[in-house]
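Every number in this text was worked out from the coordinates using simple rules, so none of it is lab data. All values reported here derive from a predicted model rather than from experimental measurement. So basically every Cβ, Gly included, is an ideal-geometry build from the backbone, and we count neighbours across all protein chains shown.
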Amino acid sequence: MKINEIFKSIQGETSYAGLPCIFIRITGCNLRCSYCDTTYAFEDGKEMSINSIIESVDTLRSKLVCVTGGEPLFNIETPYLITELINKKHTVMVETNGSCDISIISKEAIKIMDIKCPDSYMTHLMNWKNIEYLSKIDEVKFVLNSRNDYDWAKDIIKKYNLSEITNVLIGTVFGTTYPKNVVKWILEDDLNVRFQLQLHKYIWEPDTRGV
Ligand code: SF4
């Protein structure tokens, strides 16, 4: 399978933010979000076997592993990689864009699933059936670019009862919608969600790779 990069850093998002974590970035994505910050993962990478990926992970020494992209589930081998990592006693997070079927991956994997808001221009490609496969160990993530995105996300959270079935994250596109506005709206509406910033973009320069 084609791998863009494997590196160790701290997890910059989710309720695991701040923890040491190994990232496996799989090449390829089926979406083209307006604000994408990982376009370098669309094509670039090198072919690696699952065994050689596991060997690389072993050398980096961390229990927490994040399988990301691009879109990791765009590659048909990813579910096997996830199972292998779990068999090796890793805690595995899978960051997925919400358009691919998540039911094909191990129930033990922690699914971090985007729900693409209107300003991404990718909302029409969401696989809404995925919500049936989410549990309390998983997290859904809304990345907001405007007040319109916020209102849309609020409606979706209510419509699917998301705060009851899983954990809900709300963040903003880096450098756009002011986080303090979004926090204000969340508090005004009493939303049961976790607000997050992309920690790694504050520690390092926002476009730094491999961190
Ligand atoms: S799903 Fe992720 S990697 Fe793919 S285009 Fe959107 S932001 Fe970029």
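For Tyr202 and Ile137, what does the FRET efficiency come to when R0 = 30 Å and r is the distance between their Cβ atoms, rounded to the nearest 0.05? Mind dumping the intermediate values first?
On the way: r = 27 Å, r/R0 = 0.90.
Using R0 = 30 Å, I get an efficiency of 0.65.
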**OP:** Kindly provide the helix-only [θ] at 222 nm of the chain, computed as the sum of -39,500 (n - 2.57) over DSSP H runs of four or more divided by all residues, to the nearest 500 deg cm²/dmol?
**Re:** -7000 deg cm²/dmol
**OP:** Using DSSP, restrict attention to beta bridges with both residues in the chain and report what percent are antiparallel, rounded to the nearest 5.
**Re:** 30 percent
Original post:
Fewest first, what order do Ile156, Ile24 take by the number of other Cβ atoms within 10 Å?
Top reply: Ile156, Ile24
Original post:
Sequence-distant or interchain residues sharing an amide H contact under 5 Å with Thr14, placed H: which?
Top reply: none
**OP:** Rank the residues Thr176, Thr91 as a footprinting-exposure proxy: fewest other Cβ atoms within 10 Å of their Cβ go first.
**Re:** Thr176, Thr91
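Please report the projected area of segment 63-173's Cα convex hull averaged over all directions, in nm². Show your work: numbers first, answer last.
Working: hull surface 26.6 nm².
Taking a quarter of the hull surface, the average projection is 6.6 nm².
Among Lys136, Lys201, what is the fewest-to-most ranking by other Cβ atoms within 10 Å? Don't jump to the answer; show the numbers that get you there.
Values: Lys136 9, Lys201 17.
Placing the least packed residue first, the sequence is Lys136, Lys201.
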**OP:** Could you state the angle between the C-alpha long axis of helix 78-87 and the longest principal axis of the C-alpha atoms of the chain, as a value from 0 to 90 degrees rounded to the nearest 10?
**Re:** 70 degrees
Original post:
Per-residue HN-Hα couplings for segment 188-194, Karplus 6.51 cos²θ - 1.76 cosθ + 1.60 at θ = phi - 60°, whole Hz, x for Gly and Pro?
Top reply: 4, 8, 6, 6, 8, 9, 9
**OP:** Could I have the simple spin-label model distance between Thr176 and Thr39, label points 7 Å from Cα toward Cβ, reported in nm to one decimal?
**Re:** 1.4 nm
Subject >> Counting DSSP beta bridges with both ends in segment 1-113, the antiparallel % (nearest 5) >> reply: 45 percent
**OP:** Quick one: which residues, 5 or more positions from Leu144 or on another chain, have an amide H under 5 Å from its amide H? H modelled 1.01 Å from N in the peptide plane, none for Pro or chain starts.
**Re:** Gly171, Thr172, Val173
Original post:
Under a 5 Å amide H to amide H cut-off, with H placed in plane at 1.01 Å, what residues pair with Thr176 once short-range neighbours are removed?
Top reply: none
**OP:** Note down the relative contact order for segment 2-203 as a percent, whole number, built from C-alpha pairs under 8 angstrom at least six residues apart.
**Re:** 17 percent
Subject >> Zone of Lys88's modelled label, taken as backbone nitrogen in segment 1-38 under 16 Å from a point 7 Å along Cα→Cβ >> reply: 1-9, 21-26
Subject >> Nearest-0.05 FRET efficiency for Arg61 and Asp151, computed from C-beta distance (R0 30 Å) >> reply: 0.10
**OP:** Only loop residues by DSSP count here, and only those with at most 11 other Cβ atoms within 10 Å; note down the trypsin sites (Lys or Arg not before Pro) in segment 46-100 that meet that.
**Re:** Arg61, Lys89
